[in-house]
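Chemist: Take this structure first; my questions come after.
The values are calculated or read from the model by the stated rules, or taken from the named source; none is laboratory data. Computed from a prediction, not measured in an experiment: that's the story for all the values here. So basically every Cβ, Gly included, is an ideal-geometry build from the backbone, and we count neighbours across all protein chains shown.
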Amino acid sequence: MNSRKTFALIDLSAYKQNLLYLSRKAFPAKLMAVVKADAYGHGAVELSKAARDIGIERLAVAFLEEGIKIREGGVNLPILVLNYVDRHEIPIARKFGLTLTLCSFGQLEEIVDLEVPLPDFHIVVDTGMRRLGMEWEDSLRLYESAVSKGIRITGAYTHFATADEKESEFVSEQKDSFDRFLAGLGEIPFGSFESHISNSAGTIFLDNSRYDYVRAGIATYGLQPSIIVDNNLMPVLEWKTCISYLKKIHAGYSVSYGRT
Ligand SMILES: *Cc1c(COP(=O)(O)O)cnc(C)c1O
């Protein structure tokens, strides 16, 4: 029942067009669709299916249960969980075929002695966001340590702090640090290793050609990631409602609680 008669109308074809536009921008890097927080409120299962149907190959979410919901909704694409996941939840991640993020030596210690099959991990490298992850030198040591313990590290990524600013020097510094990390990896022990870097703003404004993927969220929903407007983005969400009552009041009258 929806007696309130207010709802969000989601335009899946606009979402697909945004994905295709951003994929062209990222090329030859590919686009990982960020569908965390229920696809920024748009409905993660439906949008993940729409992304899959036009050939998007990777999804990213923030939390384990978001990934599980998409799996249970019938989407089989690789899904990366961007946040830290507790060691007790590792078996569930593995069961649902989710890829997790490795961010510290402490986390590595927590998982190495688990006597269960482990999921794949991507290492997050802190190049300036100063949230998850360690600086590139320590991340390299973490990579080597994890691999030597038999953990499958199948990718690495970093996150930009200022990709929405024009010609940001900080972005170049972040890129340099990430490139140093990648250059230090040496021979990759697993068949494929994926590097990924830009968010929406970086997908639109930067050259991502040296990396395998970009991770775009906000722009895929047709919202501007920067004050520099990109007219190619199509709005995906529209609010609809029914007007139940209109009234005229005198100029200067107050309205509602506290007369505010
Ligand atoms: C949310 C998020 C993104 C997507 O950012 P947008 O600005 O919405 O494109 C990319 N990478 C990480 C690590 C994120 O947490």
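Chemist: Can you find a residue that is out of contact with any strand residue (DSSP E or B) (no Cβ under 7 Å at 6 or more places or on another chain) and surrounded by 18 or more Cβ atoms within 10 Å (Cβ to Cβ) anywhere in region 232-252? Talk me through it step by step, then tell me what you get.
Modeler: In the first step, residues of region 232-252 are kept if they are out of contact with any strand residue (DSSP E or B) (no Cβ under 7 Å at 6 or more places or on another chain); the result is 232-235, 241-252.
With the extra rule that they be surrounded by 18 or more Cβ atoms within 10 Å (Cβ to Cβ), the set shrinks to 233.
Yes, region 232-252 has at least one match.
Chemist: Can you name every one of the strands (runs of 3 or more DSSP E) wholly within region 171-260 that holds 1 or more residues which are out of contact with any Cys (no Cβ under 8 Å at 6 or more places or on another chain) and more than 16 Å from the ligand (Cβ to nearest atom)? Reasoning before the result, please.
Modeler: On the way: elements: 194-196, 213-216, 237-240.
Strands (runs of 3 or more DSSP E) meeting the threshold: 237-240.
Chemist: While we're here: In this structure, does S256 turn out to be loosely packed, with under 10 Cβ neighbours inside 10 Å, of a type in the set (G, A, S) and touching a residue at least 12 places away in the same chain (Cβ under 8 Å)? So that I can check it myself, show each step before the final result.
Modeler: On the way: loosely packed, with under 10 Cβ neighbours inside 10 Å: yes; of a type in the set (G, A, S): yes; touching a residue at least 12 places away in the same chain (Cβ under 8 Å): no.
No.
Chemist: On to the next question. Return yes or no: is T154 within 13 Å of the ligand (Cβ to nearest atom) and not in a loop (DSSP other than H, G, I, E, B)?
Modeler: Numbers: within 13 Å of the ligand (Cβ to nearest atom): no; not in a loop (DSSP other than H, G, I, E, B): yes.
Answer is no for this residue.
Chemist: Of all residues in region 128-151, count the ones that are over 14 Å from F193 (Cβ atoms) and assigned to a loop (DSSP other than H, G, I, E, B).
Modeler: 9
Chemist: Determine the pairs where a residue that is touching a residue at least 24 places away in the same chain (Cβ under 8 Å) and over 15 Å from L98 (Cβ atoms), located within region 45-68, has a partner that is surrounded by 18 or more Cβ atoms within 10 Å (Cβ to Cβ) and small (G, A, S) with Cβ atoms under 6 Å apart, the partner being 6 or more residues away or on another chain.
Modeler: Close Cβ pairs (under 6 Å, with a partner that is surrounded by 18 or more Cβ atoms within 10 Å (Cβ to Cβ) and small (G, A, S)) amount to L47/A39; A51/A33; I56/A33.
Results for (1) at pLDDT below 95; (2) under 19 Å from the mean Cα position of the chain (by Cα); (3) within 16 Å of the ligand (Cβ to nearest atom), shown as yes or no for each residue.
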| site | (1), (2), (3) |
| --- | --- |
| V85 | no, yes, yes |
| I92 | no, no, no |
| G97 | no, yes, no |
| D126 | no, yes, yes |
| L142 | no, no, no |
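Chemist: Out of all the residues in region 157-170, which are at negative phi and assigned to a loop (DSSP other than H, G, I, E, B)? Quick ask: steps written out before the conclusion?
Modeler: Of all residues in region 157-170, those at negative phi come to 157-166, 168-170.
Hits for region 157-170 are T158, H159, F160, A161, T162, A163, D164, E165, K166, S168.
Chemist: Of everything in region 218-231 that's among the small types (G, A, S) and surrounded by fewer than 21 Cβ atoms within 10 Å (Cβ to Cβ), which residue is farthest from D164 (Cα to Cα)? Can you show your working first?
Modeler: Of the residues in region 218-231, the ones among the small types (G, A, S) are 219, 222, 226.
Subset that is surrounded by fewer than 21 Cβ atoms within 10 Å (Cβ to Cβ): 222, 226.
Details: G222: 15, S226: 5 Å.
The selected residue is G222.
Chemist: Yes or no: S48 of a type outside the set (D, E, K, R), in a helix (DSSP H, G or I), away from the ligand (no atom under 14 Å from the Cβ) and closer than 30 Å to L223 by Cα? If you could, list the steps in order and put the result at the bottom.
Modeler: Numbers: of a type outside the set (D, E, K, R): yes; in a helix (DSSP H, G or I): yes; away from the ligand (no atom under 14 Å from the Cβ): yes; closer than 30 Å to L223 by Cα: yes.
Considered against the rule, which asks whether it is of a type outside the set (D, E, K, R), in a helix (DSSP H, G or I), away from the ligand (no atom under 14 Å from the Cβ) and closer than 30 Å to L223 by Cα, S48 comes out as yes.
Chemist: Ok, one more. Does Q107 meet the test of being outside any loop (DSSP other than H, G, I, E, B), away from the ligand (no atom under 14 Å from the Cβ), of a type in the set (S, T, N, Q) and crowded, with 18+ Cβ neighbours inside 10 Å? Spell out the reasoning first.
Modeler: Numbers: outside any loop (DSSP other than H, G, I, E, B): yes; away from the ligand (no atom under 14 Å from the Cβ): yes; of a type in the set (S, T, N, Q): yes; crowded, with 18+ Cβ neighbours inside 10 Å: yes.
In short, yes.
Chemist: Tell me which of these V125 doesn't satisfy, since it passes every other one: (1) more than 19 Å from S192 (Cβ to Cβ); (2) in contact (Cβ under 8 Å) with a residue 40 or more places away in the chain; (3) not polar (S, T, N, Q).
Modeler: So V125 meets the others, but not (1).
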